[in-house]
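Sharing a structure here in structure tokens format.
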Amino acid sequence: MPDQKRVVIPAQSGRSIRVSSGDLVRIIDIKGQQVADLWAFTPDMKDWLSTSNTRDIGERLFPKTGEHFYGTTGNKLLTLVEDASPGPHDMLYPACNHALYVRAGFDEHPSCQDNLHKALASEGLALPFTPDPVDLFQNSLPQPDGSIDVFASINPPGGYVALRAECDLLLVVTACSVDHYPTNGGVCNEIAVEVTPAAWSAKQTR
Ligand SMILES: [Zn+2]
């Protein structure tokens, strides 16, 4: 049996997941239309996935299959191995955060930013800032006139992306907390993360 690890992230929460170089990571939208925010940090926390570096080096708004996500130093951190979703995905927006919900009229509301920091705290870590995340399954492509807006995700139930870790990483994944239409279709659901160790991934490809 493969030594596969599966973590289900409940709606409006986040989890930290440590992976090793070569591991295959599937991030699965079980019920559909649910955005998952992704962060990746090197174990020493000196580098992390940079959406701006990834756009710059890849010369695209989002990597194509086979392309990479880069850190602030320009090192490859992750490769997009498979996109079993219709997309689109976002790398322009910040994580949803307390101030965003206050502007929307909610005083107390979970957020991906808070859930990132809670997940890091569970690892005994604290960051004094919030890197921008990769917003998987988020439907917010720029419009031809340069405007941006978030529309309802079109990801179907079971839509997923598969990523290969290019080095040891601490990942944090959140099931986005926006429970008002349209981002997540008006309802928040869970996200599953499956990690297949590198040795088993290699066997699978024989
Ligand atoms: Zn969010």
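Are there chymotrypsin sites (Phe, Trp or Tyr not before Pro) in the stretch 108-206 that DSSP marks as loop and that have at most 12 other Cβ atoms within 10 Å, and which are they?
Answer in residue order: PHE129.
I'd like the FRET efficiency for LYS64 and ASP3, computed as 1/(1 + (r/R0)^6) with the beta carbon distance as r and R0 of 35 Å, rounded to 0.05.
0.70
Hey, can you find the accessible area per residue of the chain for me, probe 1.4 Å, expressed in square angstrom?
Result: 46 Å² of accessible area for each residue.
Run the accessible area of the chain with a 1.4 Å probe and give the carbon-and-sulfur part as a rounded percent.
For the chain, the apolar C and S fraction of the accessible surface comes to 51 percent.
Then there is this: In percent, how large is the relative contact order of the stretch 101-206, given Cα pairs closer than 8 Å and 6 or more residues apart?
Across the stretch 101-206, relative contact order equals 23 percent.
To the nearest whole percent, what portion of all C-alpha pairs in the stretch 46-133 is separated by more than 23 angstrom?
Roughly 36 percent, rounded to a whole number.
Also, quick follow-up: Calculate the length of the line joining the C-alpha centroid of the stretch 47-115 to that of the stretch 1-27, in whole Å.
So the two Cα centres are separated by 17 Å.
Would you please state which residues of the stretch 128-149 a label at ARG55 would reach in this model, taking the label point 7 Å out along Cα→Cβ and a backbone N cut-off of under 16 Å?
Hits in the stretch 128-149 for ARG55 at 16 Å: 131-136, 138-149.
Using helices alone, I'd like the mean residue ellipticity at 222 nm for the chain: each DSSP H run of four-plus residues gives -39500 (n - 2.57), total over residue count, nearest 500.
-4000 deg cm²/dmol
Find the relative contact order for the stretch 25-118 and round it to a whole percent, using C-alpha pairs within less than 8 Å whose residues are 6+ positions apart.
RCO, the stretch 25-118: 18 percent.
Give the relative contact order (percent, whole number) for the chain; include only Cα pairs under 8 Å separated by 6+ residues.
44 percent
The values are calculated or read from the model by the stated rules, or taken from the named source; none is laboratory data. The model shown is predicted, which means the values in this text are computed figures rather than measured ones. So basically every Cβ, Gly included, is an ideal-geometry build from the backbone, and we count neighbours across all protein chains shown. All accessible areas refer to the heavy atoms of the entire protein, side chains included, with ligands and DNA or RNA removed. Shrake-Rupley method; radii C 1.70, N 1.55, O 1.52, S 1.80 Å.
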